[in-house]
Amino acid sequence: MLLWLSKYEASLQVLNVFRYGTLRAMGAALTALLICLIFGPLTIKLLRRLKLGQPLRTKTQVGQLAELHGSKRATPTMGGLLILIAVTVSSILWINPENRFIWLVLFSLISMGAIGFWDDYLKVKYKNSKGISAKTKLVAQIAVATVIYLYLNVFLISPSGTQAPAMPGAAGKVHVTKAPPPVAPATPGALDSTNLELSSVTAATATPMPTLSAPANWRALCVPFLKDPLIIDMGVILTLLFFIAVLIGTSNGVNMTDGLDGLAIGCSITVCGCYAIFCYIAGSSKYAAYLFIPYVEGAAELAIFCSAMVGAGLGFLWFNCHPAKVFMGDTGSLAIGSAIATVAICIHQELLLVVAGGVFVAEGGSVMLQILSFKLTGKRIFAMAPLHHHFELKGWNESTVTIRFWILSLLFAMIALATLKIR
């Protein structure tokens, strides 16, 4: 909404800065950070007053892990509400409200957060770890993914709110372009005067290759790591199933990672930071052409949303680091995972989640392997799943596991960014 202030730049020149996406991204991150730092203590006091303590899983209440985590029972949960409020408020303040991608990711964040809140509330109310049934949670997650699919495929509109025009750079369309030839400066050492802000870059700066037809664009699966990205039309049913798999897989991956103080939120920060860069590039026809990734008009605003996620994550980590004063609960973990998945879908970088979210993949994969191995052989691969508990039971202390997983998450994000040049 602060973008509207730039309309009055004729009266006050300094208001022109609100046109720049980079400044608004930094503003969103800082706003979300401050909201968490200012209202964090109040939120924690309120949760404690309501006696919304974290119920430990029944299976962890025996043995060595019970000794390690027994003191966390009194720690308040549902702290994810703080993240949701910080991200929503900062996004509305700093983004272009006419951008339809923003409202889609906010819908994903809030709706999945509501599912997580419902789950957390039942856990706290009945003092157990079951919450809502797995079937009910799955149906609710499928419903959210279906809405996202319908929004992108049925209501194919541009970020400005008008019907997407059939021209290069039209919003909601996949455009794979080749890099334009370099332009030599007029004089030795002269600086390029091109405005590098995404809002000023037009599709005319790149030479478009053949694109998909409008109805098929959001049914396209873009395979990265290739110089000329391979675009596969998955059709209606496969695309819907793919959206469901991406959203459920990512949200549950973050949820499974949320087992140690600061672990899930720290890894989420690196993934959101990585996707902020990808959104920035995908929203610029010039940079997208140079780095051989699909150009999506309006995706630059998603970089502001991702920045708000980073800021909120850092603010929440202030209270969630060991020893944690508050847990995000399913309210936060499911919402964060769903938002990340929706951003990835909007910029056609879903497959990159396997790399950037490597820690989430490892955590979710360890649970699946543990269940599969036990059912088939009666033996367990890990001392306990998810993976972070395995290392705890092997003698690593909680802070060691968390920090090492943070390092791995940062490494995975760097590898994901490196794929931009591998292409």
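Matching residues to (1) more than 17 Å from the chain's Cα centre (by Cα); (2) surrounded by fewer than 24 Cβ atoms within 10 Å (Cβ to Cβ); (3) at pLDDT 95 or above:
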| site | (1), (2), (3) |
| --- | --- |
| Asp258 | no, no, no |
| Leu263 | no, no, yes |
| Tyr287 | yes, yes, no |
| Tyr295 | yes, no, no |
| Ala299 | no, no, no |
Inset, instruction - Can you give me the number of residues within the range 326-340 that are more than 17 Å from Asp120 (Cα to Cα) and more than 14 Å from the chain's Cα centre (by Cα)? - result: 0
Legend entry - Count of residues meeting criterion [closer than 19 Å to Ser333 by Cβ and part of a helix (DSSP H, G or I)] in the range 364-389: 8
Legend entry - Gly357 vs. criteria at pLDDT 95 or above and under 26 Å from Tyr149 (Cα atoms): yes
Inset, instruction - Give the number of residues within the range 80-101 that are at pLDDT 95 or above and touching a Cys at 6+ places or on another chain (Cβ under 8 Å). - result: 3
Inset, instruction - Give Glu350, Glu398 a once-over and let me know the one that is in contact with a helix residue (DSSP H, G or I) (Cβ under 9 Å, 6 or more places away or on another chain), closer than 24 Å to Phe107 by Cβ and charged (D, E, K, R). - result: Glu350
Legend entry - Output for the range 226-258, where each listed residue is within 30 Å of Thr75 (Cβ to Cβ) and either touching a Pro at 6+ places or on another chain (Cβ under 6 Å) or without any contact (Cβ under 8 Å) to a residue 12 or more places away in the chain (or both): Met256
Inset, instruction - List every residue pair whose Cβ atoms lie under 7 Å apart, where the two residues are 6 or more positions apart in sequence or sit on different chains, the first residue falls within the range 402-423 and is under 19 Å from Tyr280 (Cβ atoms), and the second residue, located anywhere, is outside any helix (DSSP H, G or I) and among the aromatic types (Phe, Trp, Tyr). - result: Thr419/Phe225; Ile422/Phe225; Arg423/Phe225; Arg423/Phe292
Legend entry - Positions within the range 390-421 being of a type in the set (D, E, K, R) and either surrounded by 14 or more Cβ atoms within 10 Å (Cβ to Cβ) or part of a helix (DSSP H, G or I) (or both), in sequence order: Glu392, Glu398, Arg404, Lys421
Inset, instruction - Please indicate, with yes or no, whether at least one residue in the range 109-118 is touching a residue at least 40 places away in the same chain (Cβ under 8 Å), assigned to a helix (DSSP H, G or I) and under 24 Å from Met384 (Cβ atoms). - result: yes
Legend entry - Within the range 232-250, considering residues that are within 14 Å of Ala143 (Cα to Cα), in contact with a helix residue (DSSP H, G or I) (Cβ under 6 Å, 6 or more places away or on another chain) and not β-branched (Val, Ile, Thr), the one surrounded by the fewest Cβ atoms within 10 Å (Cβ to Cβ): Leu240
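Kindly indicate whether Val343 is at pLDDT 95 or above and either part of a helix (DSSP H, G or I) or over 17 Å from the mean Cα position of the chain (by Cα) (or both).
Here the answer is yes, as Val343 does meet what is asked.
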Inset, instruction - Could you tell me which numbered condition Arg380 fails, if it satisfies all but one of (1) free of Cβ contacts under 8 Å to residues at least 24 places away in the same chain; (2) surrounded by fewer than 17 Cβ atoms within 10 Å (Cβ to Cβ); (3) under 30 Å from Tyr121 (Cα atoms)? - result: (3)
Legend entry - Residue in the range 169-181 that is more than 30 Å from Leu34 (Cα to Cα), surrounded by fewer than 16 Cβ atoms within 10 Å (Cβ to Cβ), modelled with pLDDT of 75 or more and not charged (D, E, K, R) present: no
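This table checks each residue for (1) more than 21 Å from Gly249 (Cα to Cα); (2) basic (Lys, Arg); (3) part of a helix (DSSP H, G or I).
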site: Leu260; (1), (2), (3): no, no, no
site: Tyr287; (1), (2), (3): yes, no, yes
site: Gly298; (1), (2), (3): yes, no, no
site: Leu317; (1), (2), (3): yes, no, yes
site: Pro323; (1), (2), (3): yes, no, no
site: Asp330; (1), (2), (3): no, no, yes
site: Gly337; (1), (2), (3): no, no, yes
Legend entry - Residue list for the range 120-147, restricted to those being among the hydrophobic types (A, V, I, L, M, F, W, C) and touching a residue at least 12 places away in the same chain (Cβ under 8 Å): Val124, Ile132, Leu138, Ala140, Ile142, Val144, Ala145, Val147
Inset, instruction - Kindly provide the set of residues from the range 86-108 that are buried (at least 19 other Cβ atoms within 10 Å of the Cβ), under 17 Å from the mean Cα position of the chain (by Cα) and among the aromatic types (Phe, Trp, Tyr), ordered by number. - result: Phe101
Legend entry - Tally of residues being surrounded by 20 or more Cβ atoms within 10 Å (Cβ to Cβ) and among the small types (Gly, Ala, Ser) across the range 363-377: 2
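The values are calculated or read from the model by the stated rules, or taken from the named source; none is laboratory data. Everything numeric here is computed off the predicted structure, so don't read it as measured data. Cβ atoms come from the backbone with ideal geometry, glycine included; neighbour counts cover every protein chain shown.
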